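Okay, so here's the structure we're looking at.
The values are calculated or read from the model by the stated rules, or taken from the named source; none is laboratory data. Since we're looking at a predicted model, the values are computed, not measured. A quick note on method: Cβ atoms are made from the backbone with ideal geometry, for glycine too, and the neighbour counts reach across all protein chains shown. All accessible areas refer to the heavy atoms of the entire protein, side chains included, with ligands and DNA or RNA removed. Shrake-Rupley method; radii C 1.70, N 1.55, O 1.52, S 1.80 Å.
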Amino acid sequence: MAKTVLVINSGSSSIKYQLVDLESGEGLASGLVEKIGEPIDGHYKHEYNGEKHELEEPIHDHEQGLKRVLGFFKEYGPDLSEAGIVAVGHRVVQGGSIFPKPALVTDKTINQVKDLAVLAPLHNGPEAKGAEVMRALLPDVPQIFVFDSSFFFQLPKAASTYALNKEIAEQYHIRRYGAHGTSHEYISSVVPEVVGKPAEGLKQIVLHIGNGASASAEISGKPVETSMGLTPLEGLVMGGRTGDIDPAVVFHLIRNAHMNVDELDALFNKRSGMMGMTGFGDLREVHRLVAEGNADAKLALDVYVHRIVSYIGNYTYQMGGCDVITFTAGVGENDDIVRKMVCDKLAPFGVKLDEEKNATRSKQPRVISTPDSSVIIAVIPTNEELAIARKSAAIAEAGEDTYGNTFAK
């Protein structure tokens, strides 16, 4: 009988889900719940066996949404009672210093995840709520929290520590936690096989570039640096986020624009980045504007690439070299223009892109550099759902996590 894991990503007003086959690694069914708690009708989408089923109705809360999702599985398939489900894995953005590894969902861990919402206010609360609801709806199935920050909990102290007053940093748990860790861990683990190099000693940079974007550096599969910090705001330029910016800009806007904390939060996280510079967070629209001769869009794209190349240079010297650079996530996997712009900047250092391979659209892991390139350039689709599923299944089969929490039917 097949073994599957239902992976759930609960947001403040949405829920994404996928049923993952552990043996094949494929998503058997997937779906989306949108506009939870909003005054307009919400939207459901459930896809299975090549068929798409959609529904619109008011969605008052996560409990109503998840009950409907389970109903879709029963009505449209696959029936979870016959799908060999061994666990439900819940993606959580922030595990802080409490969760260096995944954890079983219990009353205690739910409360801990809620408490950590101070570090990820837009994410942890809804993620804890989703787990709470699913635990009640499927009480006989182990529920597991898988934390995006866990992979980067291994960062060296020099990379994870801010030069902030020590007492303040300790009191308020301020350090560099990173994000997109599940994706970076997955990609760095499959790179050796894709490029045909042993994992031991391999120096690699992973560029997870989507609406949110982050870079990381790994040696022998262990992280040594990442671009996101206390929150996902730090680092690369993103769809709506500034990325790195002088913190004194905050003081300047408070004093001169009389902006409050909420206004600054929205400005830096939602109204900046590519959106703030061009009016569009989607790189496809930015490329369209560039093609039309829009100077703002051209500058924005140059800033976007400049920041990526800056991190590549930083990480290469931190590691004492670089063997592989991998592009992943929405932009990284699909935007050949950005990949070429980045690699053109690296050309003086011997990086050679195979133009034809770079321009070819594919969902397969592949190398897009020439054989004589000084650094291997790869494109590998990320699969956070599979990574979450595997981690969840391991804990479910063991019946316990590393924190002493156990599950008994």
Q: Could you run through region 50-92 and say how many residues are under 24 Å from the mean Cα position of the chain (by Cα), β-branched (Val, Ile, Thr) and over 23 Å from residue 407 (Cα atoms)?
A: 1
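Quick grid of which residues meet (1) out of contact with any Asp or Glu (no Cβ under 9 Å at 6 or more places or on another chain); (2) at pLDDT 90 or above; (3) not assigned by the TED database to the domain that holds residue 133:
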{"residue": "39", "(1), (2), (3)": "yes, no, no"}
{"residue": "46", "(1), (2), (3)": "no, yes, no"}
{"residue": "52", "(1), (2), (3)": "yes, yes, no"}
{"residue": "57", "(1), (2), (3)": "no, yes, no"}
{"residue": "72", "(1), (2), (3)": "yes, yes, no"}
Q. Quick one: is residue 329 under 30 Å from residue 105 (Cα atoms), touching a residue at least 12 places away in the same chain (Cβ under 8 Å) and open to solvent by less than 30 Å² (accessible area, probe 1.4 Å)?
A. yes
Q: Would you please list the contacts, defined by Cβ atoms under 8 Å and residues six or more apart or on different chains, that run from a residue in region 361-372 that is in a loop (DSSP other than H, G, I, E, B) to a residue that is among the small types (Gly, Ala, Ser)?
A: 365/378; 368/378
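If we scan region 7-30, do we find a residue that is of a type in the set (D, E, K, R), touching a helix residue (DSSP H, G or I) at 6+ places or on another chain (Cβ under 6 Å) and not in a strand (DSSP E or B)? Steps first, please.
Let us first name the residues in region 7-30 that are of a type in the set (D, E, K, R), namely 16, 21, 23, 26.
Among the residues that remain, those that are also touching a helix residue (DSSP H, G or I) at 6+ places or on another chain (Cβ under 6 Å) are: none.
Looking for residues that are of a type in the set (D, E, K, R), touching a helix residue (DSSP H, G or I) at 6+ places or on another chain (Cβ under 6 Å) and not in a strand (DSSP E or B), one finds none in region 7-30, hence no.
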Q. Any chance region 12-26 includes a residue that's within 22 Å of residue 404 (Cα to Cα), among the hydroxyl-bearing types (Ser, Thr, Tyr) and either modelled with pLDDT under 90 or surrounded by fewer than 16 Cβ atoms within 10 Å (Cβ to Cβ) (or both)?
A. no
Q.
When you scan region 87-99, do you find a residue that is modelled with pLDDT under 90, over 22 Å from residue 142 (Cβ atoms) and in a helix (DSSP H, G or I), even just one?
A. no
Q. Within region 294-315, is there a residue that is surrounded by 15 or more Cβ atoms within 10 Å (Cβ to Cβ) and either at pLDDT below 95 or touching an Asp or Glu at 6+ places or on another chain (Cβ under 6 Å) (or both)?
A. yes
**Q.** Sole residue being open to solvent by 20 Å² or more (accessible area, probe 1.4 Å) and at pLDDT 95 or above, chosen from 237, 206, 146, 190
**A.** 190
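Can you spot a residue in region 212-224 that is among the hydroxyl-bearing types (Ser, Thr, Tyr) and under 19 Å from the mean Cα position of the chain (by Cα)? Steps first, please.
We begin by selecting, within region 212-224, every residue among the hydroxyl-bearing types (Ser, Thr, Tyr); these are 214, 216, 220.
Then drop every residue that is not under 19 Å from the mean Cα position of the chain (by Cα), which leaves 214, 216.
Taking every residue of region 212-224 in turn, at least one turns out to be among the hydroxyl-bearing types (Ser, Thr, Tyr) and under 19 Å from the mean Cα position of the chain (by Cα).
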Q) Could you say whether any residue in region 327-340 is part of a helix (DSSP H, G or I), closer than 29 Å to residue 242 by Cα, within 23 Å of the chain's Cα centre (by Cα) and of a type in the set (Phe, Trp, Tyr)? A) no
Q) Yes or no: residue 339 open to solvent by 40 Å² or more (accessible area, probe 1.4 Å) and at pLDDT 95 or above? A) no
Q. When region 345-360 is examined, which residues are found to be open to solvent by 60 Å² or more (accessible area, probe 1.4 Å) and part of a loop (DSSP other than H, G, I, E, B)?
A. 352, 360
Q. Which of the residues belonging to region 287-314 are in contact (Cβ under 8 Å) with a residue 12 or more places away in the chain and of a type in the set (S, T, N, Q)?
A. 294, 314
